[in-house]
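As structure tokens, the structure follows; a few thoughts come after it.
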Amino acid sequence: MMGAGIFGLSIAWELARRGAAVRVVEAAAVGAGASGGLVGALSPHVPEQWNAKKQFQLESLLMAADWWRGVELASGLPSGYARTGRLQPLADDHAVDQAQARATGAADLWQGRAQWHVLRATATAWEPITPSGWLVHDTLSARLQPRMALQCLVAALQATGRVVEIGTEPGDDTVIWATGLAGLLALGQGGGVKGQALSLHYSAPQMPQIFADGLHIVPHADGTVAIGSTSERTWTDATSTDAQLDGLLAKAVAICPLLSGAPIIARWAGVRPKSASRAPILGAWPGRPGHFVANGGFKIGFGMAPKVAEVMADLVLDGQDRVPEGFTLGPEHP
């Protein structure tokens, strides 16, 4: 396994859980790329205009609680996972009508295992300010603390005798390339979008996350609230933060005034790998027998990880190809 981000470690764990010999090789450090961020929002696409990508994500979100519980049991460490739901303010009557239609879609598409409620705001302190007086509350959204989750996976692998090491040599056996932005660029399959995020010292671990005006506000189990993120197509320094992050904080406080004055304890910036199709790239590497690719998590890598791990393990160990159409690497790529 090449790469110790969320895709690499998750696939490695699933392979190890099934009894396979696994060695994870990481060029820099665990979570050195986009997986080492702060936000950790595991949120579904809207329940409409359904497609293979949305179905794949739904299945991953529904299996996540048991999957992460298994990792925690093996490692003895917390991942920060909890299915605490999500609140979204609705701007006007049109948004309310649209949300009601989506509630009908969710009732069908989410198989009765999660709900999309349209509710009147009750003016409780954690609720976001909503111009229409209405909110969406979905019970499918979850969160985890990204850095805790990665360390939980590393510890689970080590507890079963698997190795996570720093290096660049994959060895001669079957190799899965989960190398994030560098790998995506080498494949010519997309590029990156820089994101900046921050973490506040504010304890609300049981509260739902908030999504408003393109911004995620995510309470974590460790007594922090993560806010993110920017989407930058051009940048000078991939890992530096700047005034755009101050703008995110101001927006978050306007949405959720409870956060006013909360101390900033971390700032983060990184480039997220985005495939040309916006879908993950999974499966065999054409023309390279024994080599596979798992890349392009972009903003939904943590939410997709359990299902990505399952599908890639099925493919590598059993030759069972359940990768959705549109996720695969075409034969024209090197």
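The values are calculated or read from the model by the stated rules, or taken from the named source; none is laboratory data. These numbers were taken from a predicted model, which means no experiment stands behind them. Note: ideal-geometry Cβ built from the backbone for every residue, glycine included; neighbour counts use all protein chains shown. These accessible areas exclude ligands, DNA and RNA; they are computed on the full protein's heavy atoms, side chains included. Shrake-Rupley method; radii C 1.70, N 1.55, O 1.52, S 1.80 Å.
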State all residues of the range 208-246 that are in contact (Cβ under 8 Å) with a residue 40 or more places away in the chain, surrounded by fewer than 15 Cβ atoms within 10 Å (Cβ to Cβ) and of a type in the set (Gly, Ala, Ser); if no residue qualifies, say none. ALA238
Got a sec? Which strands (runs of 3 or more DSSP E) wholly within the range 158-233 have at least 1 residues that are touching an Asp or Glu at 6+ places or on another chain (Cβ under 7 Å)? 163-166, 190-201
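If only one of ARG113, ARG83 is under 30 Å from LEU248 (Cα atoms) and among the basic types (Lys, Arg), which one is it?
Selected residue: ARG83, the only one of ARG113, ARG83 that is under 30 Å from LEU248 (Cα atoms) and among the basic types (Lys, Arg).
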Does LEU249 fit the bill of being within 25 Å of PRO128 (Cβ to Cβ) and open to solvent by less than 10 Å² (accessible area, probe 1.4 Å)? no
Residue within the range 315-334 that is modelled with pLDDT of 95 or more and within 30 Å of LEU245 (Cβ to Cβ) present: no
Take SER132 and decide whether it is more than 25 Å from ALA34 (Cβ to Cβ), open to solvent by less than 50 Å² (accessible area, probe 1.4 Å), of a type in the set (S, T, N, Q) and part of a loop (DSSP other than H, G, I, E, B). yes
Take the range 283-334 and flag every residue that is among the β-branched types (Val, Ile, Thr) and outside any loop (DSSP other than H, G, I, E, B). VAL293, VAL308, VAL311, VAL316
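Would you check if GLN158 is crowded, with 17+ Cβ neighbours inside 10 Å and over 30 Å from ASN51 (Cα atoms)?
no
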From the list GLY270, GLY287, GLY283, GLY326, exactly one residue is open to solvent by less than 10 Å² (accessible area, probe 1.4 Å) and over 30 Å from PRO219 (Cα atoms). Which is it? GLY283
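Mind counting the residues in the range 42-57 that are touching a Leu at 6+ places or on another chain (Cβ under 9 Å) and closer than 26 Å to LYS194 by Cα?
Pass one, the range 42-57, residues touching a Leu at 6+ places or on another chain (Cβ under 9 Å): 42-45, 47-48, 50, 54-55.
Next cut, closer than 26 Å to LYS194 by Cα only: 42-45, 54.
Count: 5.
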Looking at the structure I just gave you, is ARG113 in a helix (DSSP H, G or I), open to solvent by 30 Å² or more (accessible area, probe 1.4 Å), farther than 24 Å from PRO280 by Cα and among the basic types (Lys, Arg)? no
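Each row is one residue, and each column tells you yes or no for (1) open to solvent by 30 Å² or more (accessible area, probe 1.4 Å); (2) more than 21 Å from LEU317 (Cβ to Cβ).
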{"site": "LEU15", "(1), (2)": "no, no"}
{"site": "ALA21", "(1), (2)": "yes, no"}
{"site": "VAL46", "(1), (2)": "yes, yes"}
{"site": "GLY80", "(1), (2)": "no, yes"}
Residues being under 24 Å from the mean Cα position of the chain (by Cα) and of a type in the set (Val, Ile, Thr): count how many of those fall in the range 147-162. 1
Anything in the range 178-199 that is crowded, with 24+ Cβ neighbours inside 10 Å and in contact with a helix residue (DSSP H, G or I) (Cβ under 7 Å, 6 or more places away or on another chain)? List them, or say none. ALA178, GLY180, GLN196, LEU198
List the number of the failed condition for GLN98; all other conditions in (1) assigned to a loop (DSSP other than H, G, I, E, B); (2) without any contact (Cβ under 8 Å) to a residue 40 or more places away in the chain; (3) under 27 Å from LEU215 (Cα atoms); (4) not β-branched (Val, Ile, Thr) hold. (1)
Working only within the range 276-319, note down all residues that are under 13 Å from the mean Cα position of the chain (by Cα) and of a type in the set (Val, Ile, Thr). ILE300, VAL308
